[in-house]
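Step one of this worksheet: look at the structure below.
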Amino acid sequence: MVENIARLPLAEGLARRYPFAKHARKDAHLMFYRPEDGHGLPHNPFNAIVTPRPIGWISTRGADGSENLAPYSFFNAVAYVPPQVMFASTGSKDDRGDTKDSVANIRDTGVFCINIVEYAMRDVMNQTSGPWPKETDEFDLAAIDRAECETIACSRVAAAPANLECRLTQIVKLEGEANFAVFGEVVGVHMRDDCMKDGLFDVLSFNPLTRLGYRDYSVVREVFSLKRPGE
């Protein structure tokens, strides 16, 4: 008789399905592992745990005038006054040394633009995520219309629901090889007219794309409100 693994405690079921998952604890309904020891699963679960993540579609211009556009899912807003954002770049390219095109360009020019990704742009966004040579202009590669930013020397995605023009404040070297966190102050904001409803920026008018784990994405199609205690 074949054992029904689905009915076993979670950790025991994982251990039997994936015998190489050595750190599954059989004394509890959970799996525990130390990243330094490896997880023993078919795919790294870390990105699937920290979800959903907004996508920062970063446009930059090199000191030589070349342009780059690439999505980053380690991205978020970090402060209100002044408004600030960050994104993290992991890994490197042979033609950029210790990093990728976006960070290399920002190091040279001190500016970048965050373009918000809507569901309708999922395919062209994905096209720009490839490890293209540094001379590749992803606006041209994916046939994306560009417009000049107002406060910085950089292009933006013309049809994006919103664009955040940013000036670099700091680049922080993170633990590990080729890991960098880039922080910037937002000095200009564009919002598409059809995304404004009664004075509010309405995300349901364009449905933001979000990043999950593995090759998975999701989309925001529903919102609800909560009042904080004391409000």
Reduced Cα scattering model of the chain, Debye log10 I(q)/I(0), q = 0.09, 0.14 Å⁻¹
-0.48, -0.95
Calculated from DSSP H runs of 4 or more alone, at -39500 (n - 2.57) each and per residue, what is the 222 nm mean residue ellipticity of the chain, nearest 500?
-3000 deg cm²/dmol
Any residue on another chain or 5+ positions along whose placed amide H is under 5 Å from the amide H of T169 is listed here as F183, G184, E185
Report, to two decimal places, the Cα Rg of the stretch 115-171 normalised by 2.2 N^0.38 Å (N = number of residues).
1.19
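Determine, from the Cβ-Cβ distance of D64 and E222 and an R0 of 41 Å, the FRET efficiency 1/(1 + (r/R0)^6), rounded to the nearest 0.05.
Values: r = 45 Å, r/R0 = 1.09.
So, using R0 = 41 Å, E works out to roughly 0.35.
Report the extension gain between R96 and K197 in nm, rounded to one decimal, defined as 0.36 nm multiplied by the number of residues separating them, less their alpha carbon distance.
32.1 nm
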Using 0.36 nm per residue of separation minus the Cα-Cα distance, give me the extension gain between Y119 and R215 in nm, one decimal.
33.0 nm
Does the stretch 61-169 classify as rounded, prolate or oblate by the C-alpha gyration tensor (a ≥ b ≥ c root eigenvalues; a/c under 1.5 gives rounded; else a/b over b/c gives prolate, otherwise oblate)?
rounded
Distance histogram in 5 Å bins (all Cα pairs of the stretch 28-122, percent per bin):
2, 10, 16, 19, 16, 14, 10, 7, 3, 1, 0, 0
Mean Cβ neighbour count within 10 Å, used as a protection proxy, ranking 56-65, 108-117, 124-133 highest first
108-117, 56-65, 124-133
Expressed in nanometres to one decimal, the distance between label points 7 Å along Cα→Cβ at Q127 and A48 is 3.0
If you average the sequence gap of Cα pairs under 8 Å that are 6 or more apart and divide by the length of the chain, what percent do you get for the contact order?
19
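Work out how much length R107 to I171 would gain on full extension: take 0.36 nm times their residue separation and subtract the Cα-Cα distance, in nm to one decimal.
22.2 nm
Readers should treat all values here as calculations from the given coordinates under stated rules, not as data from a laboratory. This structure is a prediction, so every number in the text was calculated from the model and none was measured. Neighbour counts are summed over all protein chains in view; Cβ atoms, including those assigned to glycine, are modelled from backbone coordinates with ideal geometry.
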